[in-house]
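Remarks on the structure that follows.
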Amino acid sequence: MRVTAGIDRVGSVALTAYSHTRGTLDLLGSSLREARALMIRPMREVLLRQVYFTGVETALRLGFTGVLLGVVIITQVSSIVGVNAVLIGKVLLWTVVREMGPVFTAIFVIARSSTAVASELGSMQVSGEVDALRSMGIEPLRYLILPRIAGVTLSVFVLTFYFQAAAIVGGLVVSSLLLGANFMGSMPAIFAALGLFEVGISLLKGLFFGLAISASSCYHGLRVRGSITEIPQATTFAVMQSLTLVVLIDGIVTVAAFI
Amino acid sequence: MIALEGVTEHGLMELSLLIQAGETAAFVTEDEYEKDVLLEMLLGLRRPAQGRVIILGEDLYALVRDKALALMARVGFVSETGGLISNLKVWENIVLPLWYHKGVGPEESEEAAIGILKRLGIADDAMPRFLSGPPGDLPEHERRIAAFARAALMEPDIMIYDSPFEGMGHGWAMRFQAVLGEFHGMKPGRTSLYVSAGEPPAVLTDAKKIYRLQEGRITA
């Protein structure tokens, strides 16, 4: 009995996850088909606000975190291999560009923007504002969803690059001072290890992560129906689905690119 | 023109009515729920289980999405609570539909919008406070005023009002009714429908037809 109940539970969770993922992909597809609507000024305003909230307001903290991460990686690696500037620099580059950069950026954005977008859309549903837009002939998909998806995705894409730069450059500079290693003089040798392919893959991850996070947040926000008690649930679902999709996409892209 | 043909939905039974272009009518339901269901059907938000909702000669629920939205752009609606978007300032709410549908930016519609607000009793020195904050900072009757300005800028062919005078002081209600009456006459063929629960607003004297709902059916 317990075994069958357990199997039922696993099946139920799997079906729910499939249903939510499919709904998220449907919403993403519908939004991307309306991409031309971003040419219209009101939608561009929403897009710019989203970029400001997700990108600009996050930049300082993300940059600081990047520098710290760079210092941590260099410190850990140097404790294993000694103060070998070129080797440490290359490990830093590979680690940050291939994995830590895109994933850390995504986690930051999930923590800040995924919750905000899901709860904002959820409360708009509860208060009837989404219906109010429809009653004015304004399509919520074009005015609310598309600019948020575009804004979050663009922000994650740019922030990924920014985080990597902060981690690498900031980490090397600070570690030069802390460890006394000549990282600055070894920069050309360090950066020679970085190929366009790796940079491209990391930015591709950033793009896919942005799409996954934004679409998940919008989907779960819009699922809220009539009660404010559904909003925290929607926010939790948005965060968990975003995290799961980020890890899944990371795994798929990494295996496809580097094996 | 607004017509319901045999509309049945959630306790509303085979409603049929016709409000011609240019007319003013009132619709009085027995309770808030019936009023909300009726309004949702008229605004394209709830498909009736049976029957047709005709807006400006079009069967609203037979249209594809984009055509239905384009039709709703010709219908102005003032809800009891205003229906403003909470993450936009009041000013941004007022200019949004005109900007979205006709590309008329906030700068170009400013004069017309402020003219409407002044006519409705918003004083010059109160205007910055009124426009620059979020809708939640305004009392309900001022949110309705903002909602009316938002709808009026679009020069709609139909105006639907949900309990517009509810909770308003007598002076505000009289001024509001005068402006709504003037607005009705400003465009030939404009139809105005006032929907309320309980009793038609005492201040409303312009309605040519008054429809009453009793036990889900129109009785008068």
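Listed values, structure above:
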| quantity | calculated |
| --- | --- |
| Meets criteria (over 19 Å from B:PHE183 (Cβ atoms), within 12 Å of another protein chain (Cβ to nearest Cβ) and within 19 Å of the chain's Cα centre (by Cα)) for B:GLY76 | no |
| Residue match in segment B:126-140 (condition: acidic (Asp, Glu) and without any contact (Cβ under 8 Å) to a residue 60 or more places away in the chain) | yes |
| Residue match in segment A:105-123 (condition: surrounded by fewer than 24 Cβ atoms within 10 Å (Cβ to Cβ), of a type in the set (Ser, Thr, Tyr) and touching an Asp or Glu at 6+ places or on another chain (Cβ under 9 Å)) | yes |
| Considering residues of segment B:21-42 that are within 14 Å of chain A (Cβ to nearest Cβ) and of a type in the set (A, V, I, L, M) only, the residue surrounded by the most Cβ atoms within 10 Å (Cβ to Cβ) | B:LEU38 |
| Restricting segment B:105-151 to residues that are surrounded by fewer than 18 Cβ atoms within 10 Å (Cβ to Cβ) and among the basic types (Lys, Arg), the residue that is farthest from A:ARG44 (Cα to Cα) | B:ARG119 |
| Scope segment B:57-67; condition of a type outside the set (Lys, Arg) and surrounded by fewer than 19 Cβ atoms within 10 Å (Cβ to Cβ); matching residues | B:GLY57, B:GLU58, B:ASP59, B:TYR61, B:ALA62, B:LEU63, B:VAL64, B:ASP66 |
| Only one of A:LEU243, A:LEU179, A:LEU248, A:LEU211 that is surrounded by fewer than 16 Cβ atoms within 10 Å (Cβ to Cβ) and either touching a Ser or Thr at 6+ places or on another chain (Cβ under 8 Å) or at pLDDT 95 or above (or both) | A:LEU248 |
| Filtered residues of segment A:36-52 (kept if more than 19 Å from B:PRO97 (Cβ to Cβ) and at pLDDT below 95) | A:ARG36 |
| Residue among B:LEU88, B:LEU98, B:LEU45 that is surrounded by 16 or more Cβ atoms within 10 Å (Cβ to Cβ), part of a loop (DSSP other than H, G, I, E, B) and more than 9 Å from chain A (Cβ to nearest Cβ) | B:LEU88 |
| Helices (runs of 4 or more DSSP H) wholly inside segment A:72-181 that include at least 3 residues being within 25 Å of A:MET240 (Cα to Cα) and touching a Phe, Trp or Tyr at 6+ places or on another chain (Cβ under 7 Å) | A:101-109 |
| Complete set of residues in segment A:105-143 that are more than 9 Å from every other protein chain (Cβ to nearest Cβ) and closer than 20 Å to B:ALA146 by Cβ | A:VAL130 |
| Selection status of A:VAL72, more than 14 Å from every other protein chain (Cβ to nearest Cβ), closer than 22 Å to A:GLN164 by Cβ and within 17 Å of the chain's Cα centre (by Cα) | no |
| Selection status of B:LEU18, within 12 Å of chain A (Cβ to nearest Cβ) and either within 17 Å of the chain's Cα centre (by Cα) or outside any loop (DSSP other than H, G, I, E, B) (or both) | no |
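The values are calculated or read from the model by the stated rules, or taken from the named source; none is laboratory data. For clarity, every value in this text was computed on a predicted model and none was experimentally measured. Please note: Cβ atoms are built from the backbone with ideal geometry, for glycine as well, and neighbour counts cover all protein chains shown.
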